[in-house]
Amino acid sequence: MYFVYILQSVNMPEKHYTGITEDLTSRLAQHNSGSVSHTSKYLPWRIETYIAFSDVSKARSFEKYLKTGSGRAFAKKRL
């Protein structure tokens, strides 16, 4: 399974990060350890939403969509 996830900063709730992984638990641990440069400034993180896909290409497409302006608006309103 492939997971597209949206993280929310615990200390700055307006900060979000969208990514993709096969192991959601270890990926969250990486984000919270500070080893991911894009998320290290806003520690700690919590999982706000995740969606599982069996097809990696569909997961990548959805992640890419969520990183667009309309995808961010969709996530804010629907997820």
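Just so you know, all these numbers are worked out from the coordinates, no wet-lab data involved. Just so it is clear, the model here is predicted, and its values are computed rather than measured. Neighbour counts are summed over all protein chains in view; Cβ atoms, including those assigned to glycine, are modelled from backbone coordinates with ideal geometry.
Contact list please: Cβ distance under 6 Å, first residue in segment 7-28 and surrounded by 16 or more Cβ atoms within 10 Å (Cβ to Cβ), second residue small (Gly, Ala, Ser) and in a helix (DSSP H, G or I), pairs at least six apart or on different chains.
As it stands, the answer is ILE20/ALA59, since those pairs meet every condition given.
Just the residues that are among the aliphatic types (A, V, I, L, M) and in contact with a strand residue (DSSP E or B) (Cβ under 7 Å, 6 or more places away or on another chain), please, taken from segment 41-63. Spell out the reasoning first.
Restricting attention to segment 41-63, the residues satisfying the condition of being among the aliphatic types (A, V, I, L, M) are 43, 47, 51-52, 56, 59.
Across segment 41-63, the qualifying residues are ILE47, ILE51, ALA52, VAL56, ALA59.
Scan segment 56-79 for residues that are exposed (fewer than 15 other Cβ atoms within 10 Å of the Cβ) and aliphatic (A, V, I, L, M) and jot them down.
Looking only at segment 56-79, we keep the residues that are exposed (fewer than 15 other Cβ atoms within 10 Å of the Cβ), and these are 56-58, 60-61, 64, 67-70, 73-74, 76-79.
Within segment 56-79, VAL56, ALA73, LEU79 qualify.
Under 7 Å between Cβ atoms, at least 6 apart or on separate chains: pull out the pairs that start in segment 31-59 with a residue that is without any contact (Cβ under 8 Å) to a residue 12 or more places away in the chain and end on any residue that is part of a helix (DSSP H, G or I) and not acidic (Asp, Glu).
Pairs that qualify, where the first residue is without any contact (Cβ under 8 Å) to a residue 12 or more places away in the chain and the partner is part of a helix (DSSP H, G or I) and not acidic (Asp, Glu), are GLY34/SER40; VAL36/GLN30.
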